[in-house]
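Input: a single structure, listed below in structure tokens.
The values are calculated or read from the model by the stated rules, or taken from the named source; none is laboratory data. What you see is a predicted model; the values in this text were computed from it and never measured. FYI the Cβ positions are ideal-geometry reconstructions off the backbone, even for glycines, and counts take in every protein chain you see.
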Amino acid sequence: MVTVSSVVCPVCGCLCDDLEVEIENGRIIAVRNACSVGEAKFLNYWKHRNKPMVRKNGELIEVSIDEAIRKAAEILAEAKYPILYGWSSTTCEAIKVGLELAEELGGVIDNTATVCHGPSLLAIQDVGYPGFTLGQSRHRFDLVIYWGSNPWSAHFRDLDRYSAFSEGRFQISAWRRAFAKVYARIAAKKMNAASKRTAAKYAVSPPFGSELVDTLLREDRKLVVVDVRRTATAFKADYFLQVKPNKDFELLQAFRVLVKDGELDVDEVAGVPVELMEEVVDVMINCRVGVLYFGVGLTMSKGKIRNIEAAINLTKELNARTKFHILPMRGHYNVTGANVVFAWTTGFPYAVDFSHGYPYYNPGETSVVDILCRGETDASLVIASDPVANFPKKAVKEMVSNPLIAIDPAPTPTTLMADVVIPAAYAGIEAPGTAYRMDHVPISLRKVVEPPPGCIPDEVIVKRILNEVRRLRRG
Amino acid sequence: MSKALLIKNGIVYDPLNGIDGERMDIAVKNGVIVEDVSGKDIEVIDASGMIVMPGGVDIHAHIAGSEVDAGRLLRPEDHIKDVEPKTPYTRSGVGYSVPSTWTTGYRYVRMGYTTVMNPSMPPLEARHTHEELNDTPIIDKATYPLLGDSWFVLEFLSRDMIEECAAFVAWMIKATKGYAIKLVNPGGLETWGFGGNVESIDDQVPYFNITPREIIRGLCKVNKLLNLPHTIHVHTNNLGKPGNYLTAIRTMDCVKDLADGERAIHVTHCQFSSFKGVDWATMESGADAIARYVNMHDHVTIDMGQVIFTDTTTMTADGPFQYGLHLLTGNKWVNHDVETETSSGIVPFRYRPKSIVHAVQWCIGLELALLIKEPWKVFVSTDHPNGGPFFKYPDVISWLMSEKARKTVMKKMRKAALKRTTLPSIDREYTFYEVAIATRAGPAKALGLENKGHLGVGAIADIAIYAINPENVNPSRDYKLIRNAFSRAAYTIKSGEIVVKDGKVVGYAQGKTYWVDVEISDEAMETIKMLGEVFKQYYTVEFENYPIPEDYLAASHRIPRKSGI
Amino acid sequence: MVGIKVKLVTGRSLYQGTYKEKGKTSDEYIRVVSECQMDPEDMRKLGIREGEPVRVKTAYGSVVLRAVKTPEGPHPGVIFIPYGPWANVVVNPETHGTGMPSYKGVDAEVEPAPGEKVLDLVELLKSTYRRQ
């Protein structure tokens, strides 16, 4: 049995690199330091694997990998406007080749940010992005806000590796002051009354995770959660603001008013009582360094890019009073890498169209869901992603009505509907490569075991398809 | 392997070998310059009536890495106006001030540049820099890790543990495959972690019991101990602040006693550090004071940081400065605080000739180059893209060579601006020899690149041929011809391969990434092992995962050095 | 059957994440992404109990799911379906020019679906997209 340490977990944007795996007979049998999602991946990766398949007479038939690659290349070479989609759960090296393939084909290449943090990227392009790497969170931040993000469900170790429960260099000593005690009692009374008033109107979760007065007195790190439901993270929060669905924009803008010492004429905004908002703004202004982590709660609900713009502007404005940062919680372990590689190769982070012979970018026009809903494409290659499970029905209908190539280690709804299935090796377990953590720190994924026979790294698959396409097109 | 080349009859400028406009043949074989070539399979280039120079060497241009890529991502509007379609020899891409990596390589070689130094690499994100450099075609490149605010450096230097610091720096340079020690607003970036900044080189950095002066001196000593090919490369404190010329002079002066008769410090994009005045209303050029100091002291080199009047993108590791620029302009702002090490910031910026401050800045860059007497001390740069895009270097060359060209630009400026600089009274014009020093020989020498920047036997065959005849052309009058010729090299040869003909990319050569491997003793390695044990307290990545293996670089060029530790 | 108007939110859940690593065709994953998390008050209004089938209808589609009590209540008037093929039958594909469909905050109607079956993955894909 072999133990390998400092293994990088290829699941979410946390990209934890302190995992330890035990390998016996070429298979991983135990893993330490991973969260339950990471553990599930390391212990189950070998179970359900794809074989190379091509659909003949309506049925998926197993073929040789060479035949599958050839068929894939044929489909793409014949297509007028193919889509190359996915890229977020594979290595940068594979993405580089994918971009070269898209340029060769004159098609559109897009990554999963298009249905995730694409709006965040659009907002960043409008207003900027005061950001950081996660070590700063651990060392310096004494206020952590999660808005529309529930790390407990998607970035499990974020809280104790990087944010609210981590330990860092600059600790503020807990030092109680008599004045603080008095103030805390008064503030608690005011907020309890306010939340009673709101609760009389509609059922909401209590706004405080723990005993309120304790929270107000504590001088160490505070945790605030804003969400439409009381998530598991909210249970641990010092303040929980339950925002009405689709009303985040109003709440963010109201916060901006308060941060600039403005006044609000109403009792509540988006279902949150103003007294509670004022208390949280007070915490924000008086913190030493704060951070706003946000998730798809903001990108996917009404307002989309405007929600993020408001959040970024709030962060920028807080920098006039204290130090504040913002970070989108990226879901897949290398979606950040996909944006990074796309940007250095084409200038743009996603939704890149090559049909003119040079990169062209216009989300809404060149993003895949829109292209599919308008019926403008005639073939797709999907890699390291599962759009049949993740795209709205109308887009999926269009995608499966055209030839569909799926590159994936395991069966998914997308591979079930594909015309060509190519089995890949798992990046980070069976194939090495570079991935970018959600704060843009690049980390090298390791190969710890051999892939099953017939499964090859994504980078090699895409390269072979590219070579075959070139051979077909140039004769 | 590339075949043999014979460049016949060109008018050669090779300052490192003292050649000033001589008609000579240059022979190339197997990628290097040789005495002569003979045999059948020789490609002959007729360079009659054309200038032959070593390939350009850019000592400071932000072309790769997390900061640059964030700038690319931030500015789709910058790209949409400047696209590069795919050709049989080139990948597609975009410009303008933050071009995509493929386009960057092609645009450099089109100008006859063959070596570019990327000056700002956050060590934690070094992989990003190298991935992008791998995808920057044809040119040779290297990068400087940012070490001036690294917690380990600050802690060692505050306790005067120079040798331990040197061990750490040697390890860092190897781990990040870097080339030189870079300092940006030393001490200021750590202070920015809590939203502050330092205002002089003697300010205390909070929590670390050290001053910028001590950081600069400490790293200068480390640099000498490690025998690195370049000096410390410094972006001064107080960048972009009226009155900061004093900070620049004090920075240069604070390592004077460490020089030992050699170069000790390179102050980069010096224009941004050469402001006199107390506020924007009274801001004026301090270039004469800087030039006076540099003229009297031989331990300093600088590069210009020339401003170009255009819409460009500022990006530096100087987080607090960039935030200030955001407040000044209201433009969108990206900030990136890198744990334990450094920061960065990006703000789009437009330089306008009618702005008094911008006009003075434009003058300062040129004043520095023209008032500093020795051309081996001052090099051409725009701090791309901070002052302007690198493909405007031919404009800068034309301004250096022609007073008339300068006057044409100065006509667009307000009289109030011109009163604040000495440029209108300067009539010096660079010769082709001096241009060759400022854009090739000088930077190569300052960087310690022994086989570059010259055309002597044994040099790497990086050669630029420009379609301009010094015997027929009066650069002072015909500056537009100069500018055009330097924008489109008649030929660019990289490692013996013809990669550009008539300003178009027609070939390919594998550019190498240069990095320094300093040999340290076993005792010094003990320091590194000790750091490995506390690494996790400082960083959020494992010690084992931090260093980059050599095969990560697409084409590695390792430079071994023996050190004093 | 009388339904109630709600806002539909789709998203990640810890179990959806964990089970997708076990396999996207695994029983555990299918079970988790074919459920509809509801506020107990809303379930009472509809007269349904934990595990019973409900039909969710939006302007974009209609699908039968298994109702479960939400672990993150109270949130009356809001239902939550984890990401997956079931959720995507009913979300809004409109991206409003941003590229991002509207996965959260979709107007929906929920009603009891007695006797109706929650389909398995292959059945759902077949009936929605008419392919194997």
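Being within 20 Å of B:Asp383 (Cβ to Cβ), surrounded by fewer than 24 Cβ atoms within 10 Å (Cβ to Cβ) and of a type outside the set (Gly, Ala, Ser), is that true of even one residue in the stretch B:102-121? Yes, the stretch B:102-121 has at least one match. Within the stretch B:338-370, the set of residues being away from every other protein chain (no Cβ under 14 Å), of a type in the set (Val, Ile, Thr) and within 19 Å of the chain's Cα centre (by Cα) comprises B:Ile364 only.
Filtered by the rule that a residue be within 14 Å of chain A (Cβ to nearest Cβ), free of Cβ contacts under 8 Å to residues at least 60 places away in the same chain, part of a loop (DSSP other than H, G, I, E, B) and buried (at least 22 other Cβ atoms within 10 Å of the Cβ), the stretch B:187-217 gives a lone residue, B:Val205. Within the stretch A:287-296, can one find any residue that is away from chain B (no Cβ under 14 Å), in contact (Cβ under 8 Å) with a residue 24 or more places away in the chain, closer than 21 Å to A:Thr198 by Cβ and in a helix (DSSP H, G or I)? Checked against the condition, which is being away from chain B (no Cβ under 14 Å), in contact (Cβ under 8 Å) with a residue 24 or more places away in the chain, closer than 21 Å to A:Thr198 by Cβ and in a helix (DSSP H, G or I), the stretch A:287-296 yields no hits at all. Of the helices (runs of 4 or more DSSP H) that lie entirely inside the stretch B:280-375, those containing 2 or more residues that are out of contact with any Phe, Trp or Tyr (no Cβ under 8 Å at 6 or more places or on another chain) and within 25 Å of A:Gly135 (Cβ to Cβ) span B:319-329.
Applying the criterion of being within 12 Å of another protein chain (Cβ to nearest Cβ) and assigned to a strand (DSSP E or B) to the residues of the stretch C:1-17, the residue that is modelled with the lowest pLDDT is C:Gly11.
Here is a yes/no grid of residues against (1) assigned by TED's automatic domain parsing to the domain that holds A:Val283; (2) surrounded by fewer than 24 Cβ atoms within 10 Å (Cβ to Cβ); (3) touching a Leu at 6+ places or on another chain (Cβ under 8 Å):
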{"position": "A:Asn111", "(1), (2), (3)": "no, no, no"}
{"position": "A:Asp126", "(1), (2), (3)": "yes, yes, no"}
{"position": "A:Gln136", "(1), (2), (3)": "yes, no, no"}
{"position": "A:Tyr146", "(1), (2), (3)": "yes, no, yes"}
{"position": "A:Phe165", "(1), (2), (3)": "yes, yes, yes"}
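For residues that are touching a Ser or Thr at 6+ places or on another chain (Cβ under 6 Å) and more than 8 Å from every other protein chain (Cβ to nearest Cβ), scanning just the stretch A:1-43, find the one that is nearest to A:Thr112 (Cα to Cα). So the residue we want is A:Glu20. A single member of C:Glu94, C:Glu116 is under 21 Å from A:Gly303 (Cα atoms) and assigned to a loop (DSSP other than H, G, I, E, B), and it is C:Glu94. Selection of the stretch C:64-86 for residues being facing chain A (nearest Cβ under 9 Å) and not acidic (Asp, Glu) yields C:Thr70, C:Pro71, C:Gly73, C:Pro74, C:His75, C:Pro76, C:Gly77, C:Val78, C:Phe80, C:Tyr83, C:Gly84, C:Pro85.
Per this entry, A:Leu258 is not counted among residues that are within 28 Å of the chain's Cα centre (by Cα) and either at pLDDT 95 or above or within 14 Å of another protein chain (Cβ to nearest Cβ) (or both).
Residues of the stretch B:420-473 that are among the aromatic types (Phe, Trp, Tyr) and touching a strand residue (DSSP E or B) at 6+ places or on another chain (Cβ under 9 Å): B:Phe432, B:Tyr433, B:Tyr466. When A:Ile305, A:Ile326 are checked against the criterion of being of a type in the set (A, V, I, L, M), surrounded by 20 or more Cβ atoms within 10 Å (Cβ to Cβ), in contact with a Leu (Cβ under 7 Å, 6 or more places away or on another chain) and at the interface with another protein chain (Cβ under 9 Å from one of its Cβ atoms), a single residue qualifies: A:Ile305. Does B:Asn386 satisfy the criteria of being in a loop (DSSP other than H, G, I, E, B), under 23 Å from the mean Cα position of the chain (by Cα), polar (S, T, N, Q) and surrounded by fewer than 24 Cβ atoms within 10 Å (Cβ to Cβ)? The answer is no for B:Asn386.
Inspect all residues belonging to the stretch B:70-81 and state whether any of them is in contact (Cβ under 8 Å) with a residue 40 or more places away in the chain and β-branched (Val, Ile, Thr). Scanning the stretch B:70-81, I find no residue that is in contact (Cβ under 8 Å) with a residue 40 or more places away in the chain and β-branched (Val, Ile, Thr), so the answer is no. In the stretch B:164-179, of all residues being within 19 Å of B:Leu449 (Cα to Cα) and hydrophobic (A, V, I, L, M, F, W, C), the one that is surrounded by the fewest Cβ atoms within 10 Å (Cβ to Cβ) corresponds to B:Ile173. Return yes when B:Ile63 is in contact with a strand residue (DSSP E or B) (Cβ under 7 Å, 6 or more places away or on another chain), of a type in the set (A, V, I, L, M, F, W, C), away from chain A (no Cβ under 14 Å) and outside any helix (DSSP H, G or I) and no when it is not. When the stated conditions are applied, B:Ile63 does not pass them. Among residues that are farther than 22 Å from A:His356 by Cα, touching a residue at least 24 places away in the same chain (Cβ under 8 Å) and either within 12 Å of another protein chain (Cβ to nearest Cβ) or hydroxyl-bearing (Ser, Thr, Tyr) (or both), A:Trp46 is included.
Looking across the stretch C:18-48, just one residue is of a type in the set (D, E, K, R), facing chain A (nearest Cβ under 10 Å), over 16 Å from C:Leu121 (Cα atoms) and without any contact (Cβ under 8 Å) to a residue 12 or more places away in the chain, and that is C:Glu21. Restricting attention to the stretch A:216-228, does a residue exist that is surrounded by fewer than 16 Cβ atoms within 10 Å (Cβ to Cβ), closer than 26 Å to A:Thr322 by Cβ and at pLDDT 70 or above? Yes, the stretch A:216-228 contains at least one residue that is surrounded by fewer than 16 Cβ atoms within 10 Å (Cβ to Cβ), closer than 26 Å to A:Thr322 by Cβ and at pLDDT 70 or above.
Being modelled with pLDDT of 95 or more, surrounded by 22 or more Cβ atoms within 10 Å (Cβ to Cβ) and among the acidic types (Asp, Glu) is a description that does not apply to B:Asp279. A single member of B:Val44, B:Val52 is among the aliphatic types (A, V, I, L, M), part of a strand (DSSP E or B) and over 29 Å from the mean Cα position of the chain (by Cα), and it is B:Val44.
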